[in-house]
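Below: one structure, written as structure tokens.
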Amino acid sequence: MPEPNLFDIQACLLDEERTKAFVKAVRSVVRKGDIVIDAGSGSGLLGVIAAKAGARKVYCIELDRLSCEIIGRASIENGVADKIVVLCGDATKIELPEKADVLISENLSGGGLFYEQQVQINNHLLKFMKTNARFVPQEIRNSVQLCDAKESFEGFRYLECRASVKEDNALSDVKEFTPIFLGKHVDENADDDVILTVRKSGVVNAVRFEMACKVTDGIVLEQETPFLILPTVIFLKKPVDAKKGERYLLKLRFKWGCNPTAVTLELARA
């Protein structure tokens, strides 16, 4: 599991829309006396919020050692040190001493869920959850779209996986693939076949991955924020000259959390 860095952790904290949505969700889900797991705790924000919302104990699991120290200090600064247990380790492997009522696992970034171990963390920690446990977030919706992506930046040709930019032109409709329902075991393979219809003629040179997140009932993040739901572009090995009205079969083969270079994309007329 890749180790996070403080820049990413602080960027999540300073993303106001993202932070407000998850804080609101934690406050609505956590009940007095709950045992809570905050997996991939980062700054410790959501663990502290859970403690203040009435949790009896919060296990903050974080891989980065410096972040673990920060979480410890934050628990003191926020007056909940008696409720916070900081566990420095890999949330996909760690063992816990008791079962929990709530799992907070906010390990999200962009479309395709690349690099993020959200699914693996969910699957591992399920064995530590009580019957009728609650989960934040609850659901991730994934989608793809064919596009004519920008290939050159100031004369520099760049065809590696990247975040989408406004110059990337959408050429097809948007279709969902392989939804993720957290709180139960999730297949780590994201394999799926999707039929897409071309809405605008052009050269399809890439696939744009997008996502939406149901944080909890009544709280859904669908629009891009500074550090969440960022559309991701992966270039095709062979561009396709597509005409309006044509239908294409896109075969997706990859594992959740993988490096996007490991993704296999096959595009053919349907």
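The values are calculated or read from the model by the stated rules, or taken from the named source; none is laboratory data. None of the values given here were measured: they were computed from a predicted structure. Cβ atoms come from the backbone with ideal geometry, glycine included; neighbour counts cover every protein chain shown.
Could you say whether any residue in the stretch 63-71 is farther than 26 Å from A190 by Cβ, in contact with a Lys or Arg (Cβ under 7 Å, 6 or more places away or on another chain) and without any contact (Cβ under 8 Å) to a residue 40 or more places away in the chain? No, the stretch 63-71 has no match at all.
Within the set L96, L159, L108, the sole residue that is surrounded by 21 or more Cβ atoms within 10 Å (Cβ to Cβ), in a loop (DSSP other than H, G, I, E, B) and in contact (Cβ under 8 Å) with a residue 40 or more places away in the chain turns out to be L108.
Filtering the stretch 231-265 to residues that are closer than 24 Å to Y158 by Cβ and either among the aromatic types (F, W, Y) or not assigned by TED's automatic domain parsing to the domain that holds A190 (or both) leaves F235, F254.
Here N142 meets the list (1) of a type outside the set (S, T, Y); (2) part of a strand (DSSP E or B); (3) surrounded by fewer than 14 Cβ atoms within 10 Å (Cβ to Cβ) almost entirely, failing just condition (3). Just one of (1) within 25 Å of E116 (Cβ to Cβ); (2) surrounded by fewer than 19 Cβ atoms within 10 Å (Cβ to Cβ); (3) not hydrophobic (A, V, I, L, M, F, W, C) fails for D64. It is (2). Restricting the stretch 206-254 to residues that are of a type in the set (F, W, Y) and over 14 Å from A170 (Cα atoms) leaves a set whose member that is surrounded by the most Cβ atoms within 10 Å (Cβ to Cβ) is F254. The residue that is nearest to T92 (Cα to Cα), among those in the stretch 111-156 that are touching a residue at least 24 places away in the same chain (Cβ under 8 Å) and hydroxyl-bearing (S, T, Y), is Y115. For the stretch 245-263, filtering for residues that are of a type in the set (S, T, N, Q) and in contact with a Cys (Cβ under 8 Å, 6 or more places away or on another chain) leaves 1. Contact map, the stretch 7-29: residues that are assigned by TED's automatic domain parsing to the domain that holds C68 paired with residues that are modelled with pLDDT under 90 and in a loop (DSSP other than H, G, I, E, B), Cβ distance under 6 Å, separation 6+ or inter-chain. Pairs shown: A11/F227; C12/F227; D15/P226; D15/F227. Filtering A91, A51 for residues that are buried (at least 22 other Cβ atoms within 10 Å of the Cβ) and touching a Lys or Arg at 6+ places or on another chain (Cβ under 7 Å) leaves a single hit, A51.
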